Amino acid sequence: MKKRILVVEDEDKLRRVVQLQLASSGYEVDQAARAEEAIALLDRADLVLSDLKLPAMSGLELLAIAHRQNANLPFVLMTAFGTVETAVEAMKNGAADFILKPFSLDHLTRVVEKAIEVSSLRDENRKLKEELGHRYQFDNIVGRSGLMQEIFATIMRVAPSRATVLLAGESGVGKDLIARAIHFHSPRKDRPFVKINCTAIPENLMESELFGYEKGAFTGANTTKPGKFEQADTGTVFLDEIGDVPANIQVKLLRVLQEREFERLGSNKTLRIDVRVVAATNVDLRAALEQGTFREDLYYRLNVVPINIPPLRDRKEDIPFLARHFVDKLSPDLGTPVETISDEAINRLMEYHWPGNVRELENVIERSIVLCPKQVLDAPEIRLDMEPVSRSAAGSPALFVLPEGMSLDQYEQSIIKEALNRASGNKSQAARLLGLTRNALRYRLSQMGIES
Ligand SMILES: Nc1ncnc2c1ncn2[C@@H]1O[C@H](COP(=O)(O)OP(=O)(O)O)[C@@H](O)[C@H]1O
Ligand SMILES: [Mg+2]
C-alpha cells in the first residue's frame, strides 16, 4: 500500500515541486497551503512534511496538534537557514527530522524515506511486543493441573528477581514458553530477550557467538562483533539445551554467572553486563554431573531456582483445557469450519501417552482440524501421530501394535489421509506413496465416504 504524505507549504511553487517529486517517488500526496487546512488531513497521513513558517498557525503548532492526535505520526519540518535553532527545538518536541532550505529533491526524498522506514519499524516493534506480552500471559500457558498451578506460582515468585532459573523437562513440555513468561513478568520485559540454542551452534563457533569477537581475532573476523550476551545486556538470556555446552564454554559461562563479566574473543578488555539467565535442559543434568561431562559448580550456579516441568502424560487433566485452547487458537487461521471439539474426541486424546508432550498435542490438533470437514472435531477425526509402536518382548519377535486408541480401519484411513495430505490432494501421487493403484485408492476413498 502506498504511503500518504501531507505537504504543508505556503509557497505555491515549492509545494507543487515537492508534490511532484514525492508522487514520482511512489507516494500519495495531500497538500495544504496553511496549517489550518492541514489539520483536517492529518488523520489519513502517514507522514507530515511541513514548512516551519506558515501564515497564521506555525509548523510547530501543527506538530503539537498532530502529535496530540497520534503521537507516532512522523513529522518532518522544512526551514530556512536562519531558523535552525527552532528546528532543533522541534526535534526535541518530537519532529522526526528537519530539512534546511534550499534543498535538493534527492535529499528531500531520502529524508522522507528514512522517516517512513523508522516509523514503520517502530510500528512493527510495538505490535510484536503487544502480541508477545499477550501470548505469554499465564492464561495463555494453559495448565489446570496442580503441577502446573505450582509452576505458575513459582514463575510469579521468581520473575521479579534476577535469580537464575533452571527449567528441566522433556522436549515439548513448554520450557520455551515458561522462559518467556519469566522474562515478560519481570521488570526487564521491555529489554531484550535473547535465546541461545546451545545445540544449534557448532562447537568451534560457540565462544564467538556467545561473547563476540574483536576485528582480527581470527581469519575472517573483518569487523568487531558483539556476542549474544552483549545483545542481551539489561535483559534476559535464555540458554536452551544447556546440557550440550562443551567444557571450555562451561568455564566461561560460570564466570558470567558469578561475576557478570567476560571478554570478547581476541580482546583483553573485560566487559561487564547486567543479564538475567534462564537455562533449560531436557536431559537429566545430574547424570551428566556423575559422568563428569557437566561441571558441578556451573550446575549449582544454574540451579538456583529449579523448575521441573512434568511430561504431559503425568498431568492428563490438562489435556481437555489444552485441546480446547489449541482449537480456539488454531482454527481461525486454518480456514476450516471447526469451532469446537467433542468430549469423545477429548477422551481419545486422554488415552494417548504423548511422547512429544504439548508440542505433539498441538500438532495433532492442527492436523486434525485441517482435515476435519465439520464444525465439531470428533473422535474419528483425531489423527494421532502414526509411527507404529513396535514393542519387542525379550525372546519374541518384534510385534506391530496399532497406535493407542486406534482401530485398524481408523489407522488405514489416517494413513490414506496422510498420503493425500503429502501429495497435496493429488490422487495418483498419493496412490504411488501408498503402493496402491489409482483404482484401489479410489475404491478405499469411496468406502471412507470421500468421493472426489
Ligand atoms: N502449557 C501450555 N499451554 C499452551 N501451550 C503450550 C503449553 N506448553 C507448551 N505449549 C506449546 O507447545 C509447543 C512446545 O512448547 P515449547 O515451549 O517450545 O516446549 P520445549 O521448549 O519444552 O520443547 C509450543 O508451541 C508451545 O506454545
Ligand atoms: Mg524449547
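Some points to look at:
So that you can scan it fast, the table gives a plain yes or no per residue for (1) under 22 Å from E124 (Cβ atoms); (2) in contact (Cβ under 8 Å) with a residue 40 or more places away in the chain:
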| position | (1), (2) |
| --- | --- |
| R34 | no, no |
| A45 | yes, yes |
| P55 | no, yes |
| A71 | yes, no |
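- Looking across the range 167-214 at every residue that is part of a strand (DSSP E or B) and within 14 Å of ligand 2 (Cβ to nearest atom), the one that is farthest from K228 (Cα to Cα) is identified as A168.
- Search result, residues across the range 41-58 that are among the small types (G, A, S) and at pLDDT 95 or above: A45, S50
- Any hit, the range 332-346, residues being modelled with pLDDT under 95 and touching a Ser or Thr at 6+ places or on another chain (Cβ under 6 Å): yes
- Taking every residue in the range 163-174 that is within 23 Å of Y300 (Cβ to Cβ) and pairing it with any residue that is among the hydroxyl-bearing types (S, T, Y) and assigned to a strand (DSSP E or B), at least 6 positions away or on another chain, the pairs with Cβ-Cβ distances below 6 Å are A168/T281.
- Among (1) away from ligand 1 (no atom under 16 Å from the Cβ); (2) outside any helix (DSSP H, G or I) - the single one Q250 does not satisfy: (2)
- Selection of the range 278-303 for residues being assigned to a loop (DSSP other than H, G, I, E, B) and more than 16 Å from ligand 1 (Cβ to nearest atom) yields G292, T293, F294, R295, N303.
- Consider the range 237-247 and keep the residues that are outside any helix (DSSP H, G or I) and surrounded by 14 or more Cβ atoms within 10 Å (Cβ to Cβ). The one that is nearest to ligand 2 (Cβ to nearest atom) is D240.
- A count restricted to the range 249-282 and to residues that are polar (S, T, N, Q), over 24 Å from D176 (Cα atoms) and surrounded by 15 or more Cβ atoms within 10 Å (Cβ to Cβ) stands at 1.
- Residue check, T336 touching a strand residue (DSSP E or B) at 6+ places or on another chain (Cβ under 7 Å), more than 30 Å from V256 (Cα to Cα), surrounded by fewer than 20 Cβ atoms within 10 Å (Cβ to Cβ) and of a type in the set (S, T, N, Q): no
- Within the range 67-82, the set of residues being touching a strand residue (DSSP E or B) at 6+ places or on another chain (Cβ under 9 Å) and closer than 21 Å to L100 by Cβ comprises P74, F75, V76, L77, M78, T79, A80, F81.
Quick grid of which residues meet (1) modelled with pLDDT of 95 or more; (2) out of contact with any strand residue (DSSP E or B) (no Cβ under 7 Å at 6 or more places or on another chain); (3) among the polar types (S, T, N, Q):
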| site | (1), (2), (3) |
| --- | --- |
| D190 | no, yes, no |
| P202 | no, yes, no |
| L205 | no, yes, no |
| D244 | no, yes, no |
| T270 | yes, no, yes |
| R276 | yes, no, no |
| A280 | yes, no, no |
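- Matching residues, the range 261-277, being among the charged types (D, E, K, R) and either within 16 Å of ligand 2 (Cβ to nearest atom) or part of a strand (DSSP E or B) (or both): E261, E263, R272, R276
- The residues listed here are L285, L322; of these, the one that is surrounded by 13 or more Cβ atoms within 10 Å (Cβ to Cβ) and within 16 Å of ligand 2 (Cβ to nearest atom) is L285.
- Any hit, the range 163-176, residues being of a type outside the set (A, V, I, L, M, F, W, C), away from ligand 1 (no atom under 13 Å from the Cβ) and either under 18 Å from F321 (Cβ atoms) or in the same structural domain as F238 (by TED's automatic domain parsing) (or both): yes
The values are calculated or read from the model by the stated rules, or taken from the named source; none is laboratory data. Computed from a prediction, not measured in an experiment: that's the story for all the values here. When we count neighbours, we look across all protein chains shown, and the Cβ atoms used for this are built from the backbone with ideal geometry, even at glycine.
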